[in-house]
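I have placed the structure first, in the form of structure tokens, so that the comments after it can refer back to it.
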Amino acid sequence: MAPLIHSWVTPNHLTTLRLGVGLAAAAAFAPGSYGWSNLAALLLVLSNFLDHTDGELARMSGKTSRIGHLYDLASDAAVTILLFIAIGVGLAGKPGVDLIFPPAALGVVAGTAIALIFFLRMRIEELHGKTATRQASLGGFETEDVLYLFPLATLSNALAPMLLGASICAPVFAIWVVIDYQRALRRDRRMAAGVAG
């Protein structure tokens with residue numbers, strides 16, 4: 001990032017690049033073929049890598065902004081939501097995919113749960129700051145780093161089980177975030193009552 005600090009490149013340029021690569025990844029999942037899915041997975045890894053660059057450049061160059069942060073969050077949400085919907089659409093058109101529910105519906109379930117997670121985490125951050133929304137991590141890996149496993153899923157033709165897992169795990173995690181959000185609201189009300197009292 002150091003070479004970009006004094007250049008014309010802004011953090012929002014990097015966010016836009018990440019968004020474009022992420023949307024290309026989602027589009028590449030939609031055909032559902034082995035080749036397109038593997039290209040999509042590689043684009044997704046590149047998109048996830050780029051996702052870390054905008055914030056890093058913003059911090060290093062002193063160009064942090066509320067608008068840039070919201071743009072980054074909206075880009076993250078759009079890419080992740082569309083990614084799962086596109087995987088579902090791609091699997092729906094693929095012969096031999098045997099799931100209990102239509103793959104496109106599973107993609108919508110996972111994508112909707114993820115949208116709720118992004119929205120509520122943004123609201124918690126507005127109430128209690130960025131540290132209140134820190135993701136769980138293990139050995140330096142954050143929850144969202146599971147997306148780096150997509151190349152393994154596409155190479156082994158395991159997108160259907162991965163989508164099924166996401167359609168179960170994302171709603172469960174969304175419920176957890178709803179509970180966290182309710183706690184944040186109660187904490188905010190207690191703090192407001194303490195100030196007023």
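Determine the sum of side-chain charges near residue 57: Lys and Arg each +1, Asp and Glu each -1, restricted to other residues whose C-beta is under 15 angstrom from that of residue 57. Display every interim value, and only then the final one.
Values: positive: 18, 59, 63; negative: 51, 54, 56, 72.
Local charge sum for residue 57: -1.
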Study note, to complete from the structure: With the 8 Å Cα cutoff and a minimum separation of six or more residues, the chain has a relative contact order in percent of 23 percent
Point to revise | Cα long-axis angle, helix 11-29 against the chain (0 to 90 degrees, to the nearest 10) | key: 30 degrees
Check your understanding: Which ³J(HN,Hα) values, rounded to whole Hz and listed in residue order, are derived for segment 100-109 from phi using the Karplus coefficients 6.51, -1.76 and 1.60 in 6.51 cos²θ - 1.76 cosθ + 1.60 with θ = phi - 60°, glycine and proline given as x?
Key -> 4, 10, x, x, 4, 5, 5, x, 5, 4
**Study point:** Distance histogram for segment 26-171 (every C-alpha pair counted, 10 angstrom bins, percent rounded to whole numbers)
**Key:** 11, 38, 33, 15, 3, 0
Review point. By how many degrees, between 0 and 90 and to the nearest 10, does the Cα long axis of helix 66-92 differ from the longest principal axis of the chain?
Key: 20 degrees
Study note, to complete from the structure: Taking the dipole of the chain about the Cα centre (Lys, Arg +1; Asp, Glu -1; charges at Cβ), the one of 82, 55, 13 that reaches farthest to the positive side is 55
Review point. Ignoring ligands, DNA and RNA, how do 6, 69 rank by accessible area with a 1.4 Å probe, largest first?
Key: 6, 69
Review point. Relative to the first principal axis of the alpha-carbon coordinates of the chain, what is the inclination of helix 34-61, with its axis defined by its Cα atoms, in degrees from 0 to 90 and to the nearest 10?
Key: 20 degrees
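Taking K and R as +1 and D and E as -1, what net charge do the other residues with C-beta under 11 Å from the C-beta of residue 177 add up to?
Working: positive: 121, 123, 183; negative: 180.
Charge balance near residue 177 sits at +2.
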Check your understanding: What 222 nm value per residue comes from the helices of the chain, counting each DSSP H run with n ≥ 4 as -39,500 (n - 2.57) and dividing by all residues, nearest 500 deg cm²/dmol?
Key -> -26000 deg cm²/dmol
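How high is the FRET efficiency between residue 192 and residue 168 when r is their beta carbon distance and R₀ equals 41 Å, given to the nearest 0.05?
Working: r = 37 Å, r/R0 = 0.90.
Taking R0 as 41 Å, the efficiency between residue 192 and residue 168 is 0.65.
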Check your understanding: Where q = 0.24, 0.25 Å⁻¹, what log10 of I(q)/I(0) comes from the Debye formula for segment 1-104, counting one point per Cα?
Key -> -1.13, -1.19
**Study point:** Two-site label geometry, residue 152 and residue 101: point separation in nm, points 7 Å out along Cα→Cβ
**Key:** 2.5 nm
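Excluding residue 16 itself, calculate the net charge of residues whose Cβ lies under 14 Å from the Cβ of residue 16, where each Lys or Arg counts +1 and each Asp or Glu counts -1. Before the final figure, lay out the partial values.
Details: positive: 18; negative: 51, 54, 72, 76.
Combined, the nearby Lys, Arg, Asp and Glu give -3.
The values are calculated or read from the model by the stated rules, or taken from the named source; none is laboratory data. Values in this document were obtained by computation on a predicted structure and should not be read as measured data. Please note: Cβ atoms are built from the backbone with ideal geometry, for glycine as well, and neighbour counts cover all protein chains shown. Quick note on the areas: whole protein, heavy atoms, side chains included, nothing else; ligands and nucleic acids left out. Shrake-Rupley method; radii C 1.70, N 1.55, O 1.52, S 1.80 Å.
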